[in-house]
Amino acid sequence: MPPDLLALTAELVAVPSESLDERALADLVEARLRERAPSLDIRRVGDNVVARTQRGLDQRVLLGGHLDTVPANANATPRIEGDRLHGLGAADMKGGLAVMLTIAEAAHALGDRLRFDLTVVWYVAEEVADVHNGLRARSEEHTSELQSLAYLVCRL
């Protein structure tokens, strides 16, 4: 049975994550990954979450998306009407985050059948001044891989 991306997106929209206050959503992402994709290397850097396969394959696919939303404006509660979801962050970027979670879970399920390595990055503070950006701010403190991802993901 295919994943219910609409329901997963609604679940993510229901978690407040205005810029600089993304901890609850990062907690949900990390917990879901640890439960549903335990074969991935899952790391938490502040409220940024990185999940990756480590099979040493020649190709690596990178997916990145931000956890934060703009401030709420009478749109904090998700509402589904037919096949449409309304709510804070539904289009930017929680629908994309739902897809990223689903892909990470699929990578776990595929195991050795996955033909490339995968890195998925959920990061904070994209909707505010660049100085706060989760990857940029943390890249100086952590692995060289995270440093190279910071430049790419900040521009997705």
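The values are calculated or read from the model by the stated rules, or taken from the named source; none is laboratory data. From a predicted model like this one, the values you see are computed outputs, not experimental measurements. We work out accessible area using only protein heavy atoms, side chains counted, and drop any ligands, DNA or RNA first. Shrake-Rupley method; radii C 1.70, N 1.55, O 1.52, S 1.80 Å.
For segment 1-130, divide the Cα radius of gyration by the Kirkwood radius and give the resulting Rg/Rh value with two decimals. Present the calculation step by step, with values, prior to reporting the outcome.
Numbers: Rg = 14.8 Å, Rh = 15.1 Å.
On the Cα set of segment 1-130, Rg over Rh gives 0.98.
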In whole Å, how far is the Cα centre of segment 63-81 from that of segment 109-127?
22
Rounded to the nearest 10 Å², the 1.4 Å probe accessible area of Met100 is 10
How compact and how long is segment 48-91, expressed as Rg and Dmax of its alpha-carbon atoms in Å?
16.5, 47
I need the Kirkwood Rh of segment 1-74: take the reciprocal of the average 1/r across all distinct C-alpha pairs and report it in angstrom.
14.0
